[in-house]
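Here's the structure, in structure tokens; my notes come after.
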Amino acid sequence: MKKLLSLLFVVSVMLFLSAGIVHAAKVEAVVPQLILDGKTLKPDVAPIIMSNSVLIPVRIATESLGFKVDYDNKKRQVTVSNGVKQLIMTIDNKTALLDNEPKQMLVAPQLISNTTLIPLRFLGDSLGVSVVWDNKIKSVFLYSPDNSTPPVTEPPETETPTKPDDGEVDTPVTTPVINGNIYEVRYETNSVVLKYDGVIAPSIFKLDNPKRIVVDLPNTQYAPSGFLPAVDFSKEAEGKLLVTEHPALQSVRYSLFGEASKAPRFVLDLNQNMDYELINDTTIGELRIFLVQPVSVPIPSKSLYTVVLDAGHGGSDPGAISITKRTEKEFNLSVILKVQALLSGEEKIKLVMTRTTDTFPTLADRYNLANSVKADLFVSVHANSYTPATNGTETYYTREDSKAFATLMHSYLAPATGLKDNGVRRHSVNLAVTTKTTMPAILLEIGYLSSQIDEPQLFTEDLQNRVAVAIATGIKKQLKLI
């Protein structure tokens, strides 16, 4: 009898341990949910979590994010492009190539059941997709470039922005997924504080004329149980919090923005230029927008300034191809040569060109040249390419000491093009020529070769002449020569 009881005890313990092992296996096999711009994605092959990284089937990059994907079976390489940047990844290799620059991934791409899975966070950082992980509900919130990086020129706040005509009729409206609630806005010691619960992914940008900072909160709502200071949006277009304790901040206005999916928008009205820093404390549900004085790196007065002018791409690298099959390299060089002609008579400016003909200096050649001549400024000219519906002018910078130059240049460039003003943007992915240079360096995307609005104008003498004058003026203004 004792032997039987002992045997039963051993069997019970084994069954208990087996159940624990099965339970542990189930815990490990978490399948993350993917939510793109409020819509839940349901790929044929489920994403996986490996070493705290989410890997997604590469098909999502094409079907949901609109990227171009090529696969080389022989090399076991997958190439993903958004029309502007190119990312090359190899199965079981943690080193990727972003525009031919090596980058390290935390997890290598995997081949599982004849399906290639790639690290989502790295893909997003490389090609401009905002990725937010909610560990509580094991979900990944994705915000495509058009949603995560709003243009700096906003529509009038009392008007509904028009939707581009995509040729479709009676397009169904998708009810947005609400991930967070906003309970309060208040001013507190040089900062605007938003109290919330759930998950938020704030989008913030600056505007001029008048100066203001705009904070949008997609997939969020004002708390149904009550928001402070209270306002009835069925009767009022916006609420307003007056601020008297700050020398620059005059008020905080709050309203709803968007067409079908109304979401909270907060506008910080300023009487002078201010920068901001965001601190999002998810443990207490508090987003702080700190107001800080702009950082300006003055250029010391000199008798001779060195300026590097860079025409992007060239030679074997055509860059983007326009809708009429013309090349970006041709456009870039044409504009840069016009800038060179305008500045060649300036006694206090020494011009250094990365190329003056159809040649291809590498990225390293370009930034090494600028650093070796101890340039005071670096300006790279490009034309963009993305979806047919995307258009406009953008100015990019990476390092903080380039921000003031980028902002100044864009104030001349955007009006000169006459195209949609997409604003000044800090590139979330390192651009070699704006990262590895040691002087204020900017990259100008004049317009989109993939746009039927921009492309016909980009190759006209009129637009190129206006752009060249704007660039030359921006350079002279930055050097305080005018």
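The values are calculated or read from the model by the stated rules, or taken from the named source; none is laboratory data. Keep in mind it's a predicted model, so treat the numbers as computed, not measured. All Cβ positions, even for glycine, are placed from backbone atoms using ideal geometry, and neighbour counts span all protein chains on display. The area values use the complete protein model at the heavy-atom level, side chains included, leaving out ligands, DNA and RNA. Shrake-Rupley method; radii C 1.70, N 1.55, O 1.52, S 1.80 Å.
Quick rundown of the values:
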quantity: Residue 406 being open to solvent by less than 40 Å² (accessible area, probe 1.4 Å), farther than 23 Å from residue 97 by Cα and either acidic (Asp, Glu) or under 18 Å from the mean Cα position of the chain (by Cα) (or both); calculated: yes
quantity: Scan of segment 84-110 for residues that are more than 19 Å from the chain's Cα centre (by Cα) and at positive phi, ordered by number; calculated: 92, 100
quantity: Boolean, residue 463 is open to solvent by less than 10 Å² (accessible area, probe 1.4 Å) and assigned to a helix (DSSP H, G or I); calculated: yes
quantity: Filter result (open to solvent by 40 Å² or more (accessible area, probe 1.4 Å) and either under 18 Å from residue 293 (Cα atoms) or among the small types (Gly, Ala, Ser) (or both)) within segment 245-273; calculated: 245, 247, 250, 260, 261, 271, 272, 273
quantity: Selection within segment 219-244 - open to solvent by less than 30 Å² (accessible area, probe 1.4 Å), assigned to a loop (DSSP other than H, G, I, E, B) and either polar (S, T, N, Q) or under 23 Å from residue 291 (Cβ atoms) (or both); calculated: 219, 227, 243
quantity: Pick from segment 307-328, criterion in a strand (DSSP E or B) and aliphatic (A, V, I, L, M), ranking: most open to solvent (accessible area, probe 1.4 Å); calculated: 321
quantity: Number of positions in segment 363-381 that are hydrophobic (A, V, I, L, M, F, W, C), buried (at least 21 other Cβ atoms within 10 Å of the Cβ) and farther than 20 Å from residue 394 by Cβ; calculated: 2
quantity: Test result for residue 101, at pLDDT below 85 and closer than 18 Å to residue 427 by Cβ; calculated: yes
quantity: Near pairs, Cβ below 6 angstrom, 6+ apart or cross-chain, from segment 250-279 (more than 11 Å from residue 221 (Cα to Cα)) to any residue that is modelled with pLDDT of 85 or more and loosely packed, with under 14 Cβ neighbours inside 10 Å; calculated: 250/271; 251/242
quantity: So residue 331, is it surrounded by 14 or more Cβ atoms within 10 Å (Cβ to Cβ) and under 30 Å from residue 204 (Cα atoms); calculated: no
quantity: Matching option when the condition is modelled with pLDDT under 70 and either open to solvent by less than 70 Å² (accessible area, probe 1.4 Å) or assigned to a strand (DSSP E or B) (or both), among 108, 96, 61; calculated: 61
quantity: Some residue of segment 399-410 being at pLDDT below 90 and in a loop (DSSP other than H, G, I, E, B); calculated: yes
quantity: Selected residue (criterion: farthest from residue 39 (Cα to Cα)) from residues of segment 176-216 that are charged (D, E, K, R) and open to solvent by less than 50 Å² (accessible area, probe 1.4 Å); calculated: 212
quantity: Lone unmet requirement of (1) surrounded by 12 or more Cβ atoms within 10 Å (Cβ to Cβ); (2) at pLDDT below 70 for residue 6; calculated: (1)
quantity: The one condition in (1) part of a strand (DSSP E or B); (2) modelled with pLDDT under 90 that residue 253 fails to fulfil; calculated: (2)
quantity: Flag if residue 395 is polar (S, T, N, Q) and open to solvent by 30 Å² or more (accessible area, probe 1.4 Å); calculated: no
quantity: Residue ID - farthest from residue 426 (Cα to Cα), chosen from residues in segment 111-127 that are within 19 Å of the chain's Cα centre (by Cα) and open to solvent by 40 Å² or more (accessible area, probe 1.4 Å); calculated: 121
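Here's the yes/no breakdown for (1) in contact with an Asp or Glu (Cβ under 8 Å, 6 or more places away or on another chain); (2) within 15 Å of residue 382 (Cα to Cα); (3) crowded, with 19+ Cβ neighbours inside 10 Å:
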residue	(1), (2), (3)
426	no, no, no
436	no, no, yes
449	yes, yes, yes
474	no, no, yes
477	no, no, no
